[in-house]
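One structure is given here, and the rest of the page talks about it.
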Amino acid sequence: MEPNWEEFYANQPKPMDLETSKKLLKDFVENCADKDTRIALVTSGGTTVPLEHNTVRFVDNFSAGTRGSISTEFFLEQGYAVIFIHRTKSLEPFSRHFIGQKFLDMLEFDEGKGKLMVSEKYSESVAHVLMKYKSALKQGKLLQLSFTTLSDYLWLLRSASQALAPLEKRVILYLAAAVADFYVPSNQMSVHKIGSDVGPPKIALQLVPKILKPLVNLWVPKAFVVSFKLETDENLLITKSRAALKNYNHKLVIGNMLQNRKQQVTIVEKNRDYTISLTPEQMDQGEEIEKYIISDLVKRHSEFLTATETS
Ligand code: PAZ
């Protein structure tokens, strides 16, 4: 039997900071409401599935938040306001350019003057990214909210969708997060760290309800909803993407393969599909496929707005 989404929300506790997030969402949406601004809700990164309430261990997935964080920058560049819902500590727009050792390599310290600086070599590129970030914030065009667990994510997704519903067709949902398909319900989870003294644990994972159904039909019925489908077997990519479109009746599925997701995606609609890809030369030049995905989606969103102008 298909798991029930209403039961999920009835039984999984809300994240502690949900009310604060709702307030931020409300203010952000109100700020965009009187303008003609289009808004993208971008989800990014992977969800965890805790095995214990006092969580020591959890099931996770590979997603680094690359797709979502880069796409957010391109949505902003196209004039959209963006609500970026991301996994804590996964990549974030703009700051993704300054992580790890690369960040330290960009800095120089003048001991004589006691002054920390961006090294000459990087100052132009750092300033470029920084200006775009500050401008997005100044214009009230970027809101970042974070989640860790599957449950936190689904609560936040519902709140964000509901907050955006009044903006109707101006909203695009870009669901790039890698969301767990299985979880341990709260009432079946061990309270404390699972010990090894009782032998190998028997952990029964349950199916996560298909949240796209209420999201498309109830929460944001007028929005332009785009979901992602990740596969590792190429033979399944199109059929599974199309099955998702049929089940949830949203606008587009972006299919991608784990192995080459940074180089190629397939945009799947009910009656056609087409590929967006980077050439090896574009890859060598450091181009990012999200630039082309977002440019295509913005065009599709415009067409949708024009086609539904009177409805
Ligand atoms: O975050 P990332 O850039 O490492 O990976 C992106 C992705 C593969 C998670 C995303 O493009 C995607 O396909 N998300 C949906 C995954 C799924 O639930 O099928």
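The values are calculated or read from the model by the stated rules, or taken from the named source; none is laboratory data. Remember, predicted model here, so these are calculated numbers, not experimental data. FYI the Cβ positions are ideal-geometry reconstructions off the backbone, even for glycines, and counts take in every protein chain you see. Protein only, heavy atoms only, side chains kept; ligands, DNA and RNA dropped before computing areas. Shrake-Rupley method; radii C 1.70, N 1.55, O 1.52, S 1.80 Å.
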Quick one: which of Tyr133, Tyr122 is open to solvent by 50 Å² or more (accessible area, probe 1.4 Å), under 30 Å from Thr43 (Cβ atoms) and in a helix (DSSP H, G or I)? Tyr133
For Val49, which of the numbered conditions (1) open to solvent by less than 10 Å² (accessible area, probe 1.4 Å); (2) within 16 Å of the ligand (Cβ to nearest atom); (3) under 19 Å from Tyr174 (Cα atoms) fails to hold? (3)
Thr37 vs. criteria open to solvent by less than 50 Å² (accessible area, probe 1.4 Å), of a type in the set (Ser, Thr, Tyr), away from the ligand (no atom under 16 Å from the Cβ) and within 18 Å of Tyr174 (Cα to Cα): yes
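Among the residues of the stretch 190-211, is there at least one that is under 16 Å from the mean Cα position of the chain (by Cα), in a strand (DSSP E or B), closer than 25 Å to Asn271 by Cα and aliphatic (A, V, I, L, M)?
So in the stretch 190-211, the residues under 16 Å from the mean Cα position of the chain (by Cα) come out as 211.
Next cut, in a strand (DSSP E or B) only: none.
Scanning the stretch 190-211, I find no residue that is under 16 Å from the mean Cα position of the chain (by Cα), in a strand (DSSP E or B), closer than 25 Å to Asn271 by Cα and aliphatic (A, V, I, L, M), so the answer is no.
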Residue that is open to solvent by less than 50 Å² (accessible area, probe 1.4 Å), of a type in the set (Lys, Arg) and either touching a helix residue (DSSP H, G or I) at 6+ places or on another chain (Cβ under 6 Å) or closer than 27 Å to Leu76 by Cα (or both), where the choices are Lys222, Lys169, Lys229, Lys138: Lys169
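Quick check on my filter: what residues within the stretch 50-107 are among the hydrophobic types (A, V, I, L, M, F, W, C) and closer than 20 Å to Ser135 by Cα? Even if it seems obvious, please write down each step before you answer.
Residues of the stretch 50-107 among the hydrophobic types (A, V, I, L, M, F, W, C): 51, 56, 58-59, 62, 64, 70, 74-76, 81-85, 91, 94, 98-99, 103-104, 106-107.
Within the stretch 50-107, Ile70, Phe74, Phe75, Leu76, Ala81, Val82, Ile83, Phe84, Ile85, Leu91, Phe94, Phe98 qualify.
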Complete set of residues in the stretch 52-72 that are open to solvent by less than 30 Å² (accessible area, probe 1.4 Å) and away from the ligand (no atom under 13 Å from the Cβ): Glu52
Scan (1) within 24 Å of Glu30 (Cα to Cα); (2) open to solvent by 40 Å² or more (accessible area, probe 1.4 Å); (3) within 14 Å of the chain's Cα centre (by Cα) for the single condition Thr148 breaks and write down its number. (1)
Are any residues in the stretch 151-166 open to solvent by 20 Å² or more (accessible area, probe 1.4 Å) and either within 16 Å of the ligand (Cβ to nearest atom) or more than 17 Å from Thr20 (Cβ to Cβ) (or both), and if so, which ones? Ala165, Pro166
With the condition kept exactly as written, say whether any residue in the stretch 158-172 is closer than 17 Å to Pro13 by Cβ, part of a helix (DSSP H, G or I) and touching a residue at least 12 places away in the same chain (Cβ under 8 Å). yes
Pick from the stretch 73-118 the residues that are away from the ligand (no atom under 12 Å from the Cβ) and polar (S, T, N, Q): which of them is nearest to Thr47 (Cα to Cα)? Thr88
